[in-house]
Amino acid sequence: MWPQTFDARLACWNFLRRQCQAMPPERALARINDWWFRTPWQPYYLHWDDQLNWPDPWQLLSDNIYCEVARGLGILYTITLLDRADMAPTQLVLTDSGRNLVLVAKEKYILNWDAASIVNTIQSGTIQQQYQQPLIA
């Protein structure tokens, strides 16, 4: 069940990051992907043309609205904050078929495709736009 309050979401997200810090990469990424797929989904919250106004990770958890872009952004933030060399670089991309995917370790892992799986090839077209997370202060 998805946490109802911001404090509970923040605590769960912190626990997720602590858990994943020491896990093998594939297991950690599967756990992160699964966690973000449990968010309450709502279409059309964030748009690629509005990147300058995308929320930081704490605002994203506070807003508690998750379209496919927001879920991908949450996955990206989580991996970025782990600061693991074996999961770098990480970027959020939009494909020409409209999929919002998170590419990890030069496309070795691709998240935000499906709740139960991580793929290793972009199965839905070519990259149209990309967002690489700047350092989070």
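Residue pairs, Cβ under 6 Å, 6 or more apart or interchain, first in segment 40-64 and in contact (Cβ under 8 Å) with a residue 12 or more places away in the chain and more than 21 Å from GLN130 (Cβ to Cβ), second part of a helix (DSSP H, G or I) and charged (D, E, K, R). List them.
LEU61/ARG9
Could you list, in sequence order, the residues of segment 19-34 that are crowded, with 21+ Cβ neighbours inside 10 Å and out of contact with any strand residue (DSSP E or B) (no Cβ under 8 Å at 6 or more places or on another chain)?
CYS20, ALA28
What's the total number of residues in segment 13-35 that are free of Cβ contacts under 8 Å to residues at least 12 places away in the same chain and under 15 Å from LEU81 (Cα atoms)?
Looking only at that region, the number is 5.
We did not get these values from a lab; they are worked out from the coordinates using the rules stated. Small disclaimer: the values here were computed from a predicted structure and weren't measured. For neighbour counting, all protein chains shown are included, and Cβ atoms are generated from backbone atoms with ideal geometry for every residue, glycine included.
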